[in-house]
Amino acid sequence: MSVTLDRKLKNILFKDGRVAEDALTEAIEQASKDDSSLGSVLTAKRLITEKELIGLIAGEIGLPPVDLGRLEVDPAMADEMPQELADDHGVVPIAKVGDILTIAVSDPFDVFKLDDLKLQTGQQLRMVISTPEVIKTAFEALYNPGQDHMNALFDSAIKEDSVSLKSEGDEELTDLSDLGGEEGSPVVRLVNLIIYQAVKSRASDIHIEPFERRIRVRYRQDGVCREAFSPPKRMMSAIASRIKIMSQLDIAEKRKPQDGKFRIVLDGRNIDFRVSVLPVVYGEKIVMRILDTSHLALSMEGLGFEPKALEDYKTAVKQPYGMVLITGPTGSGKSTSLYAAVRELLSDEENFVTVEDPVEYKMEGVNQVSVNVKRGMTFAAALRSILRQDPDKVMIGEIRDTETIEIAVKAALTGHLVLSTLHTNDAASTITRMVDMGVDPFMISSSVVLVAAQRLVRKLCEFCREPMDLPPRERLLALGFTEAEVDDPELVIYRPVGCGKCNGGYRGRFALLETMMVTEDLKREILKGSSAIEIKKAAIENGMLTLRRCALMNVIRGKTSIEETLRVTIED
């Protein structure tokens, strides 16, 4: 409370006579000595209750009191007044009717501060009375929802799980609850909590994003970003510094992007984090990619591909030489599919070498090379050196430039099996992309064995999915269903509902794989310089299952929904 309110309250209490004069005088002296408010001293000494205190102030100034503990404030009120503005003025917005915003205040006598608040919000304000402590509790519940619950969750989690963390290069693992700095400090606890919650919720990425008046923490779960919670804006700089220290980055550098990594051990399993820090308008956005080896497919069968796609993929990777390419956007599971193939092919009789940026999963028996551009170890330089190491099979994490693809194609033509990834939208457009990168069509037709396009789609929750009314027949045909499927009287299509066991009706993901074997017909199309559309048409005539077709087959099985199919795939 302010000096003005303390003075007013003192006069009100002397006049009211509810508190004995000697006790009131003693409380005033203690408040002055401790530099605390008179109201908090009186309630702490139980000389007066909070309700009585609010009632006295309300009666004096003619404003209604409010019991915020029993009032459920609409979360949308947080958008009516910026967090910093409400914090600076010691108020909390609780309701809005028309153009009038109702706010709870503890000091209605500070007219200058309240006039400033009206000016800054540009709204008509209606005031109700409460105490500073109650207003602070309501403020935290409105602007930082779920924080107390998450802290309690973390405390219990530390007791239940074996959790430890290290940065690359550290010799020892340390307890996650004490990561340097002051033990139990708010920043350490908050960063630990963000990491722990992400791993437990099986998120693939953590996004920490600073905005003008708040911080947004989001987890990417099943391919979709979902907001987890919103820490106080004042903690952003400390959060960024904490994560930089863990990732061995420069905490003083705030104008340039930085990349780092660290590792945690949870329940006895290693989990690596790749950290990217990017300067944005209101600070630094931090993205942490979670690489959990326990989620890595142990076999090619475990990838969940369609039987035909799996057969094509297996046939291609077991060729003695040639190139196998998997395409798709970042986060579509390309690396996981490659690692499954590596595990399938691994033997003591052959030399298997990989070049990756960075090495995401360490595998016993595989010679893995990590790209380091600053030291001159690019994909092209590493691949050139690898080919002098007598390899039988080579995996290239990603083909990014002309030099790398030229070396890879030549390696595939000279007796090596080359597995790699490329960023294109579908299998057919990979061929035209290679031509654009300068590879001769003859070299492509002679070296490429298989081109696959991959996507991850969300799986319907089996606990809450429900049948939907079928769309019109013409709509189903336009989506890509066959006439036989549409006319099937037993056709059932499910839609997401949402329950406590899933995320918006979906639970987990599975992979779609479009496999385009380079047959003699396709080789002729490539040599003719055909477009991606013509190549795709020829591949479909040869039996290729497109991404859309794979998705629709899973819609019929009840594994995913039409909405998810439209989100992830394009029409053929």
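The values are calculated or read from the model by the stated rules, or taken from the named source; none is laboratory data. As the structure is a prediction and not an experimental result, all values here were calculated from the model. Cβ atoms come from the backbone with ideal geometry, glycine included; neighbour counts cover every protein chain shown. Just so you know, the surface numbers come from the protein's heavy atoms only, side chains and all, with ligands and any DNA or RNA stripped out. Shrake-Rupley method; radii C 1.70, N 1.55, O 1.52, S 1.80 Å.
Against the condition open to solvent by less than 20 Å² (accessible area, probe 1.4 Å), closer than 26 Å to Glu466 by Cβ and among the aliphatic types (A, V, I, L, M), how does Ala539 come out, does it pass? Judged against the criteria, Ala539 is not a match. Please go through the stretch 241-272 and give me each residue that is under 16 Å from Val359 (Cα atoms) and either assigned to a helix (DSSP H, G or I) or aromatic (Phe, Trp, Tyr) (or both), ordered by number. Correct list: Phe262 only.
For the criterion of being open to solvent by 50 Å² or more (accessible area, probe 1.4 Å) and closer than 28 Å to Arg557 by Cα, Leu477 passes.
Scanning the stretch 91-117 for residues that are aliphatic (A, V, I, L, M) and under 16 Å from Leu63 (Cβ atoms) returns Val91, Val92, Ile94, Ala95, Ile100, Leu101, Ile103, Ala104, Val105, Val111, Leu114, Leu117.
Contact annotation: residue pairs with Cβ atoms under 8 Å, 6 or more positions apart or on different chains, pairing a residue in the stretch 381-396 that is on the phi < 0 side of the Ramachandran plot with a partner that is open to solvent by 50 Å² or more (accessible area, probe 1.4 Å) and not in a helix (DSSP H, G or I), are Gln389/Asn367; Asp392/Glu350; Lys393/Glu350; Val394/Leu387.
Residues checked against (1) surrounded by fewer than 19 Cβ atoms within 10 Å (Cβ to Cβ); (2) under 13 Å from the mean Cα position of the chain (by Cα):
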residue	(1), (2)
Asn192	no, no
Ala198	no, yes
Val217	no, yes
Val224	yes, yes
Ala238	yes, no
Ile245	yes, no
Arg255	yes, no
Ile271	no, no
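On the basis of being open to solvent by 60 Å² or more (accessible area, probe 1.4 Å), more than 45 Å from the chain's Cα centre (by Cα), at pLDDT 75 or above and on the phi < 0 side of the Ramachandran plot, does Glu52 make the cut? Judged against the criteria, Glu52 is a match. Tell me which residues, restricted to the stretch 108-137, are in contact (Cβ under 8 Å) with a residue 40 or more places away in the chain, open to solvent by less than 20 Å² (accessible area, probe 1.4 Å) and either on the phi > 0 side of the Ramachandran plot or not β-branched (Val, Ile, Thr) (or both). Of everything in the stretch 108-137, those that are in contact (Cβ under 8 Å) with a residue 40 or more places away in the chain, open to solvent by less than 20 Å² (accessible area, probe 1.4 Å) and either on the phi > 0 side of the Ramachandran plot or not β-branched (Val, Ile, Thr) (or both) turn out to be Pro108, Ser130. Filtering Glu514, Glu563, Glu525 for residues that are part of a helix (DSSP H, G or I), acidic (Asp, Glu), touching a residue at least 12 places away in the same chain (Cβ under 8 Å) and open to solvent by less than 50 Å² (accessible area, probe 1.4 Å) leaves a single hit, Glu525.
The single residue among Ala104, Ala86, Ala58 that is under 34 Å from the mean Cα position of the chain (by Cα) and open to solvent by less than 70 Å² (accessible area, probe 1.4 Å) turns out to be Ala86.
Would you say Gly508 is touching a residue at least 24 places away in the same chain (Cβ under 8 Å), part of a strand (DSSP E or B) and either hydroxyl-bearing (Ser, Thr, Tyr) or surrounded by fewer than 19 Cβ atoms within 10 Å (Cβ to Cβ) (or both)? Against the criterion (touching a residue at least 24 places away in the same chain (Cβ under 8 Å), part of a strand (DSSP E or B) and either hydroxyl-bearing (Ser, Thr, Tyr) or surrounded by fewer than 19 Cβ atoms within 10 Å (Cβ to Cβ) (or both)), Gly508 qualifies. Scanning the stretch 200-215 for residues that are open to solvent by 30 Å² or more (accessible area, probe 1.4 Å), more than 16 Å from Val280 (Cβ to Cβ) and in contact with a Phe, Trp or Tyr (Cβ under 7 Å, 6 or more places away or on another chain) turns up just one, Ser201. Take Gln368 and decide whether it is within 26 Å of Gly304 (Cβ to Cβ) and free of Cβ contacts under 8 Å to residues at least 60 places away in the same chain. So Gln368 passes the test.
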